Amino acid sequence: MQTGTEAQAPGRILLVDDEPAILRTFRYCLEDQGYQVRTATCMDQVETLLHKQVFDLCFLDLRLGDEDGLQVLAYMRQRVPWMRVVIVTAHSAIDTAVDAIQAGAADYLVKPCTPEQLRQAASKQLLLRQQSSQLLLQSHSAKHPLESHSPVLMNVLETAKQVASTDANILILGESGTGKGELAQAIHRWSKRGNKSLVTINCPSLTTELMESELFGHNRGAFTGATESTFGRVSQADGGSLFLDEIGDFPLTLQPKLLRFIQDKEFERIGDPQTRRADVRILSATNLPLDEMVRQGRFREDLLYRLNVITLTLPPLRERREDILELADNFLARFVAEYSRPAQGFSEEAREALLRHAWPGNIRELRNVVERASIICPEEWVQPNHLGFSPQAGSSQPQIGDELSLQALERAHISAVMANSKSLDQAAKTLGIDASTLYRKRKQLSL
Ligand SMILES: Nc1ncnc2c1ncn2[C@@H]1O[C@H](COP(=O)(O)OP(=O)(O)OP(=O)(O)O)[C@@H](O)[C@H]1O
Ligand SMILES: [Mg+2]
């Protein structure tokens, strides 16, 4: 859950060490924190991985068998300058750590280090990495406000601007990755509440009990584990807007309390009988068919009726092809700046490929495709082979026993199960995990 900003990217971490036991320990420790982790034991593997994938952070052991860790570091600084590199070194080799810092490493850790030291180093470096990429993001998004050449979307945006200044609750519909979160933020900015907070709640990430306390707050001692009183998100959003993202996953049993709050602006904290008030404008979004869920008794009709005073439906990217190339150009400009890469634009063939593609993952997919292309393109013009479309068409699903990591297999399996399921709930059931875990994994694996 976050306020205002886009979901925080999970860190993508590369571990380089020639001792498999250390790689394993580090990997478990970092994966526990929700990071995506890949490992390499030599320069060859580093090169292959850096060619295929984007990393934010690397833990690099300077003693790599016969290879010189400083050379690996030099290669990384030149090839992927945005990646932060933390050197891992034995106490006896502290001098080389100094050389490494002078050669561009961000920090160093002395072996043996505790899991806590490793976690702290990772979170500190990832925060720094995120801050620098956020700065670039802001300078680019300021240049490219939400706009479109597609008549369908132009209509939606025009309506959105007009209703932004009213206090009407707005429901944003659209397939995954169409920009519902972006639109919610824009509506808040355009509204007269724009200088107050926009508080976001990702509905599937919380159980019913946690959701109630997260929304309305609780008193100390209200339930086991409630060691402090909390105010809740509704109070935090007082005067501003509350964005209920993925509202289709809002717990059914808690819907009456949300309904009452929307109707009367009144609520109580858990364990506190005092009735409180908050002036909050409700924005919500989903890619689930709420009408159908109402018919099936999985969503309350009276709540839907309160949420969708205005409904805005974002078209999928395939229905606004006019915008594909401009979006792609903007993403490319942003990522080549972020990653210091040479690409200047898309070749004619690449443009045609971008226009032909069906974009089932909409803008999120376009962004990911362009991010990857910006990195692997070694020259001025991005070519079709940098876009990585073709293998998708064939039956290149990984098989059990193939030479690939558990994480890659997990990603492929989850994405196949989601594609065959009617809802996230159903997919979670098939996978044998709860919906909030699936939600987390989905973001983590950029599915
Ligand atoms: N008009 C736009 N210009 C640039 N980037 C955009 C635009 N719209 C969306 N994006 C980017 O595309 C990605 C997906 O957008 P967003 O998260 O808002 O989609 P969504 O519809 O909320 O998806 P989901 O249903 O999966 O939550 C984000 O990285 C977002 O920053
Ligand atoms: Mg969203």
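When the Gaussian network model of the chain links Cα atoms closer than 10 Å, the mean-square fluctuations of S92, S415, S229 top out at S92. Note on the chain: with a GNM built from Cα contacts shorter than 10 Å, the maximum mean-square fluctuation among R281, R300, R356 falls on R356.
List the aspartates and glutamates whose Cα lies under 17 Å from the Cα of K429, skipping any in the same chain that are fewer than 8 positions away. Correct list for K429: D249, E410.
Cβ-to-Cβ counts within 10 Å put I101, I87, I262 in ascending order as I101, I262, I87, the fewest first. Counting 0.36 nm for each residue step from R63 to Q255 and taking away their Cα separation leaves a gain of 63.4 nm. By the count of neighbouring beta-carbon atoms within 10 Å, fewest first, K265, K441 end up ordered K265, K441. Measuring nothing but how far apart in sequence close Cα pairs (under 8 Å, 6+ apart) lie, relative to its length, the chain scores a relative contact order of 14 percent. Charge dipole (Cα centre; +1 on Lys/Arg Cβ, -1 on Asp/Glu Cβ; no other charges) of region 317-445 amounts to roughly 600 debye. Taking label positions 7 Å along the Cα-Cβ direction at both S132 and T207, the computed distance is 4.1 nm, reported to one decimal. Residue exposure proxy: V280, V98, ordered by other Cβ atoms within 10 angstrom of their Cβ from fewest to most, comes out as V98, V280. Each of L445 and E47 was given a label point 7 Å from its Cα along the Cα-to-Cβ line. The distance between the two points is 3.1 nm.
Among A412, A222, A427, the residue with the largest mean-square fluctuation in a Gaussian network model of the chain, with springs joining Cα atoms closer than 10 Å, is A222. Computed over neighbours whose Cβ is under 12 Å from that of K52, the net charge equals +2, Lys and Arg +1, Asp and Glu -1. Is the C-alpha gyration tensor of region 151-313 telling us rounded, prolate or oblate? Criteria: a/c under 1.5 is rounded; beyond that, a/b larger than b/c is prolate, otherwise oblate. It comes out prolate by the Cα gyration axes.
Going down the list K180/K441; K124/K443; K422/K443; K257/K443; K111/K443; K192/K265, which pairs span over 24 Å between their C-alpha atoms? Violating the 24 Å limit, Cα to Cα: K257/K443; K111/K443.
Read-outs throughout are calculated quantities, based only on the coordinates presented, and are distinct from any laboratory measurement. Only a predicted model underlies this, so the values are computations on that prediction, with no experimental measurement involved. All Cβ positions, even for glycine, are placed from backbone atoms using ideal geometry, and neighbour counts span all protein chains on display.
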